[in-house]
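The values are calculated or read from the model by the stated rules, or taken from the named source; none is laboratory data. These numbers come from a predicted model, not from an experiment. Glycine gets a Cβ as well: all are built from the backbone with ideal geometry, and neighbour counts include every protein chain shown. Accessible surface areas use protein heavy atoms only, side chains included; no ligands, DNA or RNA. Shrake-Rupley method; radii C 1.70, N 1.55, O 1.52, S 1.80 Å.
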Amino acid sequence: MINTFHTSYNPPPVPPRAGYSRPPLPSNTPLVKFLSVMLLLLMMLTFGGFLYLFQKLNVATSTSPQQAAAMIAEASHYKRPAAHMYRLKERLPKDGRFPNQQLVWDEEHSLLNAVRSTGDTLIIQHPGLYFIYSHITFSRKSISSSKQGIWKKKPTEKDEEILKSYCSLNPSNEDLCTASLSGVFRLEEGQQLYVKVTNTSLLNKSSCSFGLFKIQE
């Protein structure tokens with residue numbers, strides 16, 4: 001034995017114990033390679049799916065009049081109910097058919113397939129699970145925030161607001177502000193949907209859209 005307490009020598013190495021062996025380091029086995037490849041493929045498929053959905057929704061919600069006309073021409077080939085209401089219609093000064101805050105759409109620039117429209121309201125003809133969206137652009141100065149909401153109703157029931165969003169404009173700037181909504185709801189036959197805003201005079205009428213499409217029975 002060497003006393004290292006009062007000396008500067010390093011202590012001798014400890015001899016290995018009998019029956020003790022160092023555990024082997026993990027090796028790059030075929031199973032690890034297979035799991036790594038599967039994880040990489042899963043990440044690529046997930047990213048590709050999100051990119052595809054983003055592109056589809058972007059096309060559906062930012063349609064020009066020419067694109068809307070093409071969509072109407074192709075509507076007969078789409079088997080599921082769908083609607084894309086584009087561009088707001090000018091309201092007559094003494095038009096009492098529609099509430100002041102309820103938006104009226106120009107059906108000539110819109111798509112309707114197996115969904116009825118009364119100008120301001122979409123009426124479901126086939127029950128099922130629907131994706132609903134709305135994009136409303138405000139273009140004038142407002143001290144308070146502007147609100148948009150999607151409402152659901154039936155002839156025998158009270159109207160219900162199912163989605164809402166807010167948009168704030170700086171009174172000192174001329175910026176645009178877009179309030180967007182989207183959601184998935186189960187709708188029944190005869191159910192009606194419409195969009196209301198706090199003030200129709202603040203709208204940019206050429207940059208608003210509202211629609212839905214059926215995704216499941």
Subset of the range 184-200 [open to solvent by less than 60 Å² (accessible area, probe 1.4 Å) and at negative phi]: Phe185, Leu187, Gln191, Gln192, Leu193, Tyr194, Val195, Lys196, Val197, Thr200
Every pair of residues 6+ apart whose Cβ atoms lie under 8 Å, when the first sits in the range 100-123 and is at positive phi while the second is of a type in the set (A, V, I, L, M) and buried (at least 17 other Cβ atoms within 10 Å of the Cβ): Ala114/Ala82; Gly119/Val104
Any chance Leu129 is assigned to a strand (DSSP E or B), aliphatic (A, V, I, L, M), within 22 Å of the chain's Cα centre (by Cα) and surrounded by fewer than 15 Cβ atoms within 10 Å (Cβ to Cβ): yes
The range 157-171, subset open to solvent by 90 Å² or more (accessible area, probe 1.4 Å) and more than 22 Å from the chain's Cα centre (by Cα), residue modelled with the lowest pLDDT: Glu157
